[in-house]
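One structure is given here, and the rest of the page talks about it.
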Amino acid sequence: MSVQARYWRLNARPEGHDYAGALSLETRALGAPKPGEVIVKAEYLSMDPGVRVWMTAREDSYSPPIPLGAPMQGQFIGTVVESAADGFAAGDTVRGFGQWADHSLVDATMSGLSKLDPDVRDVRDHFGALGLNGWTALCGLRDVLNLQGGETVLVSAAAGATGSVACQIARNMGCTVIGIAGSDAKCAYLTGTLGIARAINYKREDVAAALARIEGGINVYFENVGGALLDAALPNMAMYGRIGICGLIEGYTSDSGLPGPARFDQILMKRLTVSGIFLPDFMMKGIDYYPPLKQWYDAGKLRLDFDETRGLENVLVAFTRLMTGQNTGKVIVDIR
């Protein structure tokens, strides 16, 4: 069976947020799957900040740059329409890595393809609270940062996908949680809907001054932004505090990344531990991450709202919303 796929192709390295000038919507025929491959009809596409790094020419990232002329890569949730892979059959609902496309031909093992738990009220939650954002938050807090109940936790980009889940996990573990976000509405969402102790609007408040008022300092900082926010946090960490670098979105549009923090000296002065949080290093533990996340989810203690755009043709609109901080929660595209 020949399938015509519509997909987004990377034609140039984008300047800033000019994605329309760098990508185009194309059509191509997909061949029949070879042994180990499946064709998936996507229903939802995930928009993720790390994809922006893949658009650059940086060779020092955790993933090589996407070659010019190639399809853009990303996560999908969809239905298998044709399979030549053991364990997958037509009709299976799956999540995996493929293209920004309505149909993806993927290697079932290399794409992280997995069949989804049907006992979930909204399939989209397999992208968010129960998906890789949830896994990343739990991995970072529990396995990388060794979070303990009663600690003070700071989360940047706290109203975003991974940040908002990290806030709730830390809250569920009995910690005092402070979130940093970019609007009063987002801050109200964090303290009202998600129930964290405090939220700081970095566009209206002096973040360093606000953090200086935290009694005892910050034990754990879950970092998603970098730049000025990292500089604000460093002198306000508690002695022997831990910082987990999950993302550095402030520098993702640059081919050279971000300069080092001006308050780098505080790592010595406070005897801090700084670690990278990279979920693929812990992917074999995914089977252990799902049960506690699902337990909190079923109990109403874990949620992730969606910033949803409709239509494959509007993928760049959704991605721009993500990269410019217009979203609250998980940015997805509904292409059903």
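Computed from the coordinates by the stated procedures, all read-outs in this text should not be read as laboratory data. Predicted model, so just to flag it, every value in this text is computed and none were measured. Reconstructed Cβ throughout: ideal geometry from the backbone, glycine too, with neighbour counts over all protein chains shown.
Some points to look at:
- Helix 286-298 vs. the chain, principal-axis angle (Cα, 0 to 90°, nearest 10): 70
- Members of 186/285; 186/294; 34/285; 285/330; 34/294; 270/301 lying beyond 27 Å, as alpha-carbon distances in this model show: 186/285; 34/285; 34/294; 270/301
- Region 189-195 - phi-based ³J(HN,Hα) in whole Hz, Karplus 6.51/-1.76/1.60, Gly and Pro as x: 4, 5, 7, x, 6, 8, x
- Summed side-chain charge close to residue 6 - residues other than residue 6 whose Cβ falls under 10 Å, Lys, Arg +1, Asp, Glu -1: -2
- Separation of the residue 254 and residue 148 label points, Cα + 7 Å toward Cβ, nm: 3.6
- Rounded to the nearest 20, the size of the Cβ-charge dipole of the chain about its Cα centre is 460 debye, with Lys and Arg at +1 and Asp and Glu at -1.
- Charge dipole magnitude, Cβ of K and R +1, D and E -1 - region 132-280, Cα centre, debye nearest 20: 280
- Loop sites in region 165-224: trypsin sites (Lys or Arg not before Pro), DSSP, at most 15 other Cβ within 10 Å: 203, 204, 213
- Close amide H partners of residue 200, meaning residues 5 or more places away or on another chain with modelled amide H under 5 Å apart, are 179, 180, 181.
- Separation of region 157-212 from region 222-299 is 15 Å, based on Cα centroids.
- Dipole of the chain, positive direction: furthest Cα of 219, 22, 145, with charges on the beta-carbon: 219
- Here the simple spin-label model places points 7 Å from the Cα toward Cβ, and for residue 13 and residue 206 these points are separated by 3.9 nm.
- The chain: most fluctuating residue of 210, 157, 29 per GNM, C-alpha cutoff 10 Å: 29
- Within the chain, longest stretch free of exposed GluC sites (Glu not before Pro) [DSSP loop, at most 16 other beta carbons within 10 Å]: 60-204
- Of all lysines in the structure, those lying under 20 Å Cα to Cα from residue 41, and not within fewer than 8 positions of it along the same chain, are 115.
- DSSP-loop chymotrypsin sites (Phe, Trp or Tyr not before Pro) across region 53-92, with at most 16 other Cβ within 10 angstrom: 62
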